[in-house]
Amino acid sequence: MNGSFCSLGLMEYQAVYKLQTSLVEYRRNLKPNDKEAGCGDIFLVVEHPPVYTLGRRGGREFLMVSDQFLAEKNIPVIPIERGGVITYHGPGQLVIYPIIHLKQAGLTVTEYVEKLEELMIHLAAGVGVTARRDERNHGVWVGNKKMGSIGIAIRHGVSFHGLALNVNPSLEPFGWINPCGLTGVSMTSLAHEVGGEVTIDRLTQSLPQQLERIFPHTFTEIRPDQLPLSKTAEES
């Protein structure tokens, strides 16, 4: 079955979450030989306005600033069912939410997480940054600084949530939390490591080739209005 990816641009976290859950239902009911439905596994590509999300192991103790401070900065805190502790999303961060039927793809959870890490490593290499895994925490690192995070959830055998790679975001909001629950770890970005301009658009242009390099699909780009059940998701 072929795959597709869809660029959503800048979109509120909760709206994308509703879209994901709708697509999970679509994907769980899609049979391997169902060519009529056509979209197969779907990779959503998005940026979010500033938001903190708390994973299953997360709590407000990982926040280092007050509720009043967050209200003044207009940054909501949203508990969510993905794995992990706490993370920040904001403009300049490439977020990818794969909606994949893991069993049909022949992937274990461990293998899937490794593929998400591999994707970020190759995207970073494409702009001249050498990233690596680190046993302390899933994601990708440059030296002792973390550059990309992973947090997934699985419902009915279908994955959602995904990865967040720092391209050129403001790194200041990461300083207001213990990112991923790690103490004494700072965050970095592709732009910071390159010492120059790196854009989301530049990485998105190479995304189809990188996806096909890692996942066993031929990927087609689709518009948001071509997503199955997208209207239902927006109205719910």
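Overview of results
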item	result
Filter result (in contact (Cβ under 8 Å) with a residue 24 or more places away in the chain and open to solvent by 80 Å² or more (accessible area, probe 1.4 Å)) within the range 131-157	136, 138, 144, 156
Residue check, residue 107 in contact with a strand residue (DSSP E or B) (Cβ under 7 Å, 6 or more places away or on another chain), at pLDDT 90 or above and not in a helix (DSSP H, G or I)	no
Residue count, the range 77-91 (criterion: among the aliphatic types (A, V, I, L, M) and surrounded by 21 or more Cβ atoms within 10 Å (Cβ to Cβ))	2
Restricting the range 64-103 to residues that are part of a helix (DSSP H, G or I) and at pLDDT 90 or above, the residue that is farthest from the chain's Cα centre (by Cα)	68
Options 159, 149: the member that is among the polar types (S, T, N, Q), closer than 27 Å to residue 79 by Cβ and touching a Ser or Thr at 6+ places or on another chain (Cβ under 9 Å)	149
Near pairs, Cβ below 7 angstrom, 6+ apart or cross-chain, from the range 103-127 (over 26 Å from residue 31 (Cα atoms)) to any residue that is open to solvent by less than 10 Å² (accessible area, probe 1.4 Å) and of a type outside the set (A, V, I, L, M)	117/139; 120/148
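The values are calculated or read from the model by the stated rules, or taken from the named source; none is laboratory data. For clarity, every value in this text was computed on a predicted model and none was experimentally measured. Glycine also receives a Cβ, built like all others from the backbone with ideal geometry; neighbour counts cover every protein chain displayed. Please note that ligands, DNA and RNA were not included when accessible areas were found on the heavy atoms of the full protein model with its side chains. Shrake-Rupley method; radii C 1.70, N 1.55, O 1.52, S 1.80 Å.
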